[in-house]
């Protein structure tokens, strides 16, 4: 089923409430810029405890629809730009051209830094604990330090801190291949304003 169909189910007061909450979770399954659990957590932060409150449920749906619509607008603008570039004979995108389809650009539209900070906090509290046996690995220790530094300053790093953090993040990216950890790097970059 599509995002729109699930969204209609969330809004349908004739459905049992648990089915409406399940439909919201299905929306998140289809659009989860922070990862499934972190996106649900961010929705709860922005809208309230939607599992038991109808107003919060509808607010959560509004929050995720707004972000998704902004992403779709960016995709449509990219399609128009590429169409025009092809018409002018530039068949391949240039190196620096923005491309909303690349994983590098996956973030929460409308509140990217706030969402990235929330996702980092979520990762540090919940996800990184599963990596405890591996946390002696210097790369993971460094990743955790970068995430902590970013959160410590609420993403507002000085120019010096940004200059120091940027190469560390790039180096970590080259060493890590796990999707979950690469996503953490993206959150650090967005939260710190490096992207």
Packing rank of 111-122, 42-53, where each peptide gets the mean count of other beta carbons within 10 Å, highest leading: 111-122, 42-53
Rh by Kirkwood over Cα pairs, then Stokes-Einstein D for segment 1-109 at 1.002 mPa s and 20 °C, µm²/s: 140 µm²/s
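A short reminder: the numbers here are calculations on the coordinates, not readings from a lab. Everything numeric in this text was worked out from a predicted model, so none of it was measured. Glycine gets a Cβ as well: all are built from the backbone with ideal geometry, and neighbour counts include every protein chain shown.
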